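Here is the structure we will look at.
The values are calculated or read from the model by the stated rules, or taken from the named source; none is laboratory data. Just so it is clear, the structure is predicted and the values come from calculations on it, not from any experiment. Every residue, glycine as well, gets a Cβ built from its backbone with ideal geometry; the counts of neighbours run over all protein chains shown.
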Amino acid sequence: MAYAASRAVGGSPEPRATPNWIELRKSERRLTLKTGRIVVENDAYPLECAILNVSDHGACVLVPLGAVTGDRFTLVIDGSDQGRSCTVAWRDGSRIGVSYE
C-alpha cells in the first residue's frame, strides 16, 4: 500500500494510507478546471459541466446537482475541436469519474 506523509501535532511525520483507488489509475491526473459539455446520443441538448482533472485515460467531471447522465457519453472540453467517448467509472454526488474509450 502506498503512503503519504502528514504532519501530526508536534511536527513529526506520520504515515497515512493512500486510498486504494489512487493505486488503480493507469496514469496521473492533472488539475485542469475547464468547462465543457456532455453529449448523449439522441439527446438534443448537451449538459454543461466542469472538468476538474484529466489524465491520458480519463477525467473527473462535475455536473449540476440532480443532473442525469447515462453510463456512456461524449465529453467535449471547451476549446477542443473533438469530443472523447467516455464510460462512467464511478459517481459521487455531482462528480463523475470517466474513462476514455
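Given the condition modelled with pLDDT of 80 or more and surrounded by fewer than 13 Cβ atoms within 10 Å (Cβ to Cβ), answer yes or no: does some residue in the stretch 10-31 qualify?
Scanning the stretch 10-31, I find at least one residue that is modelled with pLDDT of 80 or more and surrounded by fewer than 13 Cβ atoms within 10 Å (Cβ to Cβ), so the answer is yes.
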Residue that is farthest from the chain's Cα centre (by Cα) [pool: residues in the stretch 28-72 that are more than 16 Å from W90 (Cα to Cα) and basic (K, R)]: R37
